[in-house]
Amino acid sequence: MFRLAIALLLALLAAPAAAERDLSPIPPYTASYEANAMGNTLKARITLNHEDVQTRMAMDAHVSGFLRILGRFELSREALMNSRSGDLQLVQSRSQQITPRRERKVETRFDWETNRAIGTINGERFDLEVPPQTLDFLGSLYLMMQRLESGALSSEGDRETIQALERDRLREYRFEYAGRETMDSPIGRVETIRIDRRTDDSDVALSAWFARELRHVPVRFDYEADGRVFELNLTQLEWHDPIIDLTDE
C-alpha cells in the first residue's frame with residue numbers, strides 16, 4: 001500500500017478546422033482532481049497563470065485516508081516558462097516530495113546560453129548539460145495543451161518527442177495522439193483527445209484526456225504501474241474569471 005501511494009503521487013510528475021481554433025493563450029485556471037484507491041483518496045490541484053511573457057504552472061497533491069496514519073504523502077511541483085512564438089523554454093523548475101520515509105526537494109534553474117541545468121537536490125548541487133527545449137513534467141503537460149490548441153497534434157498517430165529533466169537526469173518521452181473519446185464528466189459528456197506518454201526505459205505509462213470545450217484542460221489522467229491503473233478525474237475547474245464549479249448541480 002505504501003508503494004501504491006507513492007505511485008499515485010509520482011503519476012503527477014500530456015480536431016476542428018483551423019478557422020474554428022482559438023489561438024489566444026490558454027486562460028489562467030485552477031483545476032482540481034481526485035482519485036480513490038483502497039480506501040485512500042488522492043487530491044490534486046493544477047494552476048496556470050501568465051506573467052507577461054512568462055507562464056507559471058503549479059501542482060500540489062496529497063493523500064488522505066488510513067495511509068495518513070503512517071505520515072504525510074505530499075507532492076508539489078512548479079514550472080516557470082518563457083513562451084515565445086509557440087515555443088516553451090524552462091526558466092525554473094521546483095519539486096518537493098514528502099513521504100514517511102523521506103523528503104526530497106529539488107530546485108533547478110536553466111542557463112540557455114550554455115544549455116545547462118543548475119540546481120540542488122536536498123541542498124546537494126548538480127550541474128547538467130541539457131538539450132534545447134528540455135522541459136519538466138508540467139512544461140510537457142502545458143506543451144501538449146498548446147499543441148492541441150494549435151492543431152500541431154490533430155490526428156491519430158501524431159507524435160512529439162520531448163526531453164524531460166527528472167531531478168538530475170534526462171529521460172526521453174514520446175507523446176502520441178491516441179484518438180478521440182467522448183467521456184462522462186461532472187459537466188456532462190465532453191469530447192476529449194487522448195494523449196499517451198511512453199518511454200523505452202520504463203514500464204510506467206501515463207495517459208491524459210484533454211477536453212476541447214475546456215481549452216484542452218485535462219479532465220482525466222491514467223497512471224499505469226505494476227499492472228494496475230490509477231484514474232485521476234477532474235472534479236472542479238475555476239477559470240480565474242469567470243468561475244466554473246463542476247460540483248454544482
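Readers should treat all values here as calculations from the given coordinates under stated rules, not as data from a laboratory. This one's a predicted model, so the numbers in the text were calculated from it and none came from an experiment. Cβ: placed from backbone, ideal geometry, glycine included. Neighbour counts: every protein chain shown.
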Along the charge dipole of the range 57-161, pointing to its positive end and built from +1/-1 on Cβ of Lys, Arg, Asp and Glu, which listed residue (ILE98, LEU153, THR120) has its Cα farthest out? ILE98
Across every pair of different alpha-carbon atoms, what Kirkwood hydrodynamic radius in Å does the range 120-249 reach? 16.3 Å
Computed on Cα atoms only, the convex hull of the range 2-239 has an orientation-averaged projected area in nm² of 13.1 nm²
Among GLU34, GLU160, which comes first, second and so on when ranked by fewest other beta-carbon atoms within 10 Å? GLU34, GLU160
Can you give the FRET efficiency to the nearest 0.05 for ASP127 and ARG72, using r as the Cβ-Cβ distance and R₀ = 45 Å? 0.90
Could you put THR114, THR41 in order, starting from the residue whose Cβ has the fewest other Cβ atoms within 10 Å? THR114, THR41
Residue-count net charge about GLU129 - beta-carbon cut-off 14 Å; Lys, Arg +1, Asp, Glu -1: -2
List every residue whose amide H lies under 5 Å from the amide H of ASP168, counting only residues 5 or more places away in sequence or on a different chain, with H placed 1.01 Å from N in the peptide plane. none
Quick calc, the range 88-169, dipole around Cα centre from Cβ unit charges on Lys, Arg (+) and Asp, Glu (-), nearest 20 debye, gives 420 debye
Calculated FRET efficiency, THR199 and SER154, Cβ-Cβ r, R0 30 Å, to nearest 0.05? 0.80
